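The values are calculated or read from the model by the stated rules, or taken from the named source; none is laboratory data. Bear in mind that the values here come from a model prediction, so they are computed numbers and not experimental data. A quick note on method: Cβ atoms are made from the backbone with ideal geometry, for glycine too, and the neighbour counts reach across all protein chains shown. SASA here: full protein model, heavy atoms, side chains in, ligands and nucleic acids out. Shrake-Rupley method; radii C 1.70, N 1.55, O 1.52, S 1.80 Å.
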Amino acid sequence: MNNRFTGIWPALVTPFHDGGEAVDHRALRGLVQRFADAGVAGIVACATTGEAGTLSQDERLSVLDSVLKAAPSLPLVAGLSGINPRSMLAELEAIRQRPVAGILVPPPSYVRPSQTAIVRFYEDVAAPGVPVIIYNIPYRTGVRIERDTFRELARIPGLVAVKDCGGDTALTQELIAESRFDVLTGEDLQIFTTLCLGGAGAITASAHVRPDLFVKMAHALAAGDLGTARRIQAALRPMIESLFAEPSPAPLKAALAAMGLIGDAVRLPLLSVSPVLRDMLDRQVRGLNALA
């Protein structure tokens, strides 16, 4: 295990103002500083939770710059996705001009590449030398990375970790026990389980609300304090479920708006949350904020 990517890595939202027309960099920097104060291991920006698909390349790069300015000592991973390797590598060249710790890359969606093509794709992405976290999320990409393919990917220098959203517990255990990858869960309800299994950490959207509690749970498990970790997991679970009750990150933005941290605007094809969910999130946020 290389232990390059461990601990709690919040998957950063991209706050907007003017009804979603522009990135709210002031609110963005406020979130980043809040994460730094909570002791997170690093931040992942411009990925799924950051609505990266609705941002222009210039906006994505400006988000990276804001994060780096707000917390220059905090490691930053940049999301990078697409189905055109040439355009992805061109954007990667711009990302490389910044001191990022790595990139988070899913396999190409929609085109349904073969397993051999997936390996070739990651060889190309890893070639420039920026550490790569493989983003295994078949319910979004429509692409399943098979066990044998992970074994091939493990031979490629530069592929160092997996964000595990595959929904396959046996594969998760195999990756933790037998691969050289750092395994970070991307399923927020599985953070406790993955850490108990020996996983390296989590890339988590839910950590926005109480990042200190997520960090405390990870530290408790690392110290063998199962009782404390269980209590934190039990307290966080209802909120986590609500944050994914409607398409993410709209519920998360509603929760952060209730806390006065950002506006709740999202960009199409997402919509703001329903009134019922908004009321529930408001109650849950107030309950969590009352916890020590």
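Contact order, relative form, for region 129-232: 19 percent (alpha carbon pairs under 8 Å, 6 or more residues apart, mean separation divided by residue count). Here the Karplus relation 6.51 cos²θ - 1.76 cosθ + 1.60, evaluated at θ = phi - 60°, turns the backbone of region 216-225 into coupling constants of 4, 5, 5, 5, 5, 5, 5, 8, x, 8 Hz, with x for every Gly and Pro. The residues of region 1-65 have, on average, 39 Å² of accessible surface per residue, using a 1.4 Å probe with all protein chains present.
Rounded, prolate or oblate for region 110-267? Axes are the square roots of the Cα gyration tensor eigenvalues, ordered a ≥ b ≥ c, and the cut-off for rounded is a/c under 1.5.
oblate
Count Lys and Arg as plus one, Asp and Glu as minus one, and take only other residues whose Cβ is under 13 Å from that of D212; the net charge is then +2.
When the residues H25, H219, H208, H17 are ordered by accessible surface, computed with a 1.4 Å probe over the protein chains alone, the sequence from largest down reads H219, H17, H25, H208. With Cα atoms defining each centre, region 241-286 and region 90-142 are spaced 29 Å apart in the structure. Of the solvent-accessible surface of the chain, computed with a 1.4 Å probe over protein heavy atoms with every protein chain present, carbon and sulfur atoms account for 51 percent. Entry comment: accessible area of region 204-283 is 44 Å² per residue, from protein heavy atoms only and a probe of 1.4 Å. The accessible area of D212, taken with all protein chains in place and a 1.4 Å probe, comes to roughly 60 Å². With Cα extents along the principal axes in Å in mind, check [x] 94, 43, 34; [y] 80, 50, 32; [z] 49, 45, 34 and report the label derived from this structure. After the calculation, the listed value that fits is [z].
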